[in-house]
Amino acid sequence: MKKEHQYQATITWTGNTGKGTAAYSTFERSHSITVINKPEILGSSDPSFRGDPTKHNPEELLLASLSSCHMLWYLHLCATAKVVVTSYKDQAKGIMIEKQDGSGYFSEVSLHPVVTVTEDKMIEKAIEIHEKANAYCFIANSMNFKVTHHPQCFSEEG
């Protein structure tokens, strides 16, 4: 039986400088992302597209979504496999191609998780679990580009 989960977020444009979108250069790309009972996220477009570099942009948030979804599945699968993870950090990287008409798409995302486990004997299994985590990740399964993984694993013993 399939379960359906529904999510809501409110995105509010906050970049009207008084003239709306009367000209491409007169409005800010600033916006807020709110979800009930959670901290507000301040967003903008990438600075390449006249955005505010101090705010999160959609491209970064896409990378963060892929990385955090993978991590959460990975930690779950490690726990059920008795692989004890004590540290996890990922440096997600993505390539977006901008087409001549201004549209674009992500061509790839690579995750680079660095994991620490408690025992040397867990390292091989810890690395293997990344494939299963990718297969289960809701966000990765929703993408139309390849998500690759380049994990490193260390032991507290070593």
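The values are calculated or read from the model by the stated rules, or taken from the named source; none is laboratory data. In this text, all values refer to a predicted model and were calculated from it rather than measured experimentally. Here the Cβ is made from the backbone with ideal geometry for all residues, glycine too, and neighbour counts use every protein chain on show.
Name the one entry in 146, 99, 93 that is closer than 30 Å to residue 2 by Cβ and basic (Lys, Arg). Break it down into steps so the answer makes sense when it comes.
Values: 99 fails: closer than 30 Å to residue 2 by Cβ; 93 fails: closer than 30 Å to residue 2 by Cβ.
When all the criteria are applied, what remains is 146.
So, in the stretch 103-113, of the ones that are small (Gly, Ala, Ser) and either in a loop (DSSP other than H, G, I, E, B) or within 26 Å of residue 24 (Cβ to Cβ) (or both), which residue ends up nearest to the chain's Cα centre (by Cα)?
Going through the qualifying residues, I end up with 104.
What tally of residues in the stretch 75-102 results from selecting those that are among the small types (Gly, Ala, Ser), closer than 17 Å to residue 143 by Cβ and either at pLDDT below 95 or outside any loop (DSSP other than H, G, I, E, B) (or both)? Here the count works out to 1.
When residue 37 is tested against (1) modelled with pLDDT of 95 or more; (2) in contact with a helix residue (DSSP H, G or I) (Cβ under 7 Å, 6 or more places away or on another chain), only condition (2) is not met. Within the stretch 55-77, one or more residues are in the same structural domain as residue 129 (by TED's automatic domain parsing) and aromatic (Phe, Trp, Tyr). Among the residues of the stretch 13-29, those identified as closer than 18 Å to residue 57 by Cβ and surrounded by 12 or more Cβ atoms within 10 Å (Cβ to Cβ) are 13, 14, 15, 27, 28, 29. Each residue in the stretch 1-53 was checked for being β-branched (Val, Ile, Thr) and part of a loop (DSSP other than H, G, I, E, B), and 6 pass. Residue 116 versus (1) surrounded by 13 or more Cβ atoms within 10 Å (Cβ to Cβ); (2) assigned to a strand (DSSP E or B); (3) within 19 Å of the chain's Cα centre (by Cα): which is the lone unmet condition? Answer for residue 116: the failing condition is (3).
Could you check the stretch 48-92 and list, in sequence order, the residues that are among the basic types (Lys, Arg) and either touching an Asp or Glu at 6+ places or on another chain (Cβ under 8 Å) or more than 16 Å from residue 118 (Cα to Cα) (or both)? Before you say what the answer is, go through the steps one by one.
Residues of the stretch 48-92 that are among the basic types (Lys, Arg), as a first pass: 50, 55, 82, 89.
Passing the criteria: 50, 55.
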